[in-house]
1. Expected output is a single nm value to one decimal: the length gained when fully extending between residue 255 and residue 281, i.e. 0.36 nm times separation in residues minus the C-alpha distance. What is it?
2. What order do you get for 281, 205 when you list them from fewest to most C-beta neighbours inside 10 Å?
3. For the modelled label position 7 Å from the Cα of residue 125 along Cα-to-Cβ, which residues of region 86-106 have backbone nitrogen atoms closer than 18 Å?
4. Which of 160, 116, 128 has the fewest other C-beta atoms within 10 Å, and how do the rest follow up to the most?
5. With label points built 7 Å along Cα→Cβ from the Cα atoms of residue 79 and residue 103, find their separation and express it in nm.
6. What does the convex hull of the Cα atoms come to per residue for region 81-184, in Å³?
7. If I model a spin label as a point 7 Å beyond the Cα along the Cα-Cβ vector, how far apart are those points for residue 50 and residue 210 in nm?
8. For residue 93 and residue 116, compute 0.36 nm times the residue count separating them, minus their Cα-Cα distance, and round to one decimal in nm.
């Protein structure tokens, strides 16, 4: 039974296809970076107040374009849904610990499958908090909690996760003026050998977001306002760019030339908050698609979150 890493190029909405070649993407696995690639830990949220707790859940629906590539022995993904749940805790005013666990649903023309993805444990440390500039360092590890099992829709193996302990590091910065806020972050995950000693590709993410406060609130994520005992309604509009790079995969020591890519998306959305709840909604549209070999490119993505401060 052949194991192939479908790394749902997913990421983020990735990629409108500007090439004339056919891209294939088999549904045998969902990618080692399901957790990190969703951007859940890279939305501009910096550190929480000491002993403050934030719980959050997200629903992320992603389509995959049909480039007309033959399926052969492996079924191609048509869409993917990623549900995730996480908790953040303020250890101090400078350090916040986080955990995120994804659950993935894969859909093909021949059936569907599902499985738990890799959990992420992360520490966010405030480095700079001066005037209206905030900078934080992120260090994390992705745990091998992901699923590896026989597929229900073809004679392959569904892999959701990498099967390895993978270190991650990134940096976040944000600044604000008047009703505007600008945030940027980058995150890198070094993937080590996982299932069957295969290498499922390291990942680099980039994000730049400009937000505008229509009513109440403070920033894109409204986390600051959620930490206050406020009953005011907040509404923020935002837009920006999201990019993801994935290294080529290696199976049994052989490089898969039909893997790896760089994809970029234009993000637009809003965040509505009331009392201690926030509801971020994001639409991602692919604008860059640089894929290696033969792969199906991802299409648009819609992501809805529910955030609650305790």
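1. Full-extension gain reported as 5.6 nm.
2. Lowest to highest Cβ neighbour count: 281, 205.
3. Only 89-99 pass the distance filter.
4. On the way: 160 30, 116 15, 128 11.
By the 10 Å Cβ count, ascending, the order reads 128, 116, 160.
5. Between residue 79 and residue 103, the label points sit 1.9 nm apart.
6. Numbers: hull volume 12.9 nm³, N = 104.
Hull volume over Cα atoms, normalised by residue count, gives 124 Å³.
7. Rounded to a tenth, the inter-label distance reads 3.9 nm.
8. Working: separation 23, 0.36 × 23 = 8.28 nm, distance 3.21 nm.
My answer for the length gained is 5.1 nm.
Values in this text are rule-based calculations from the coordinates and carry no lab data. The structure presented is a predicted model; accordingly, all values stated were derived computationally and were not measured. When we count neighbours, we look across all protein chains shown, and the Cβ atoms used for this are built from the backbone with ideal geometry, even at glycine.
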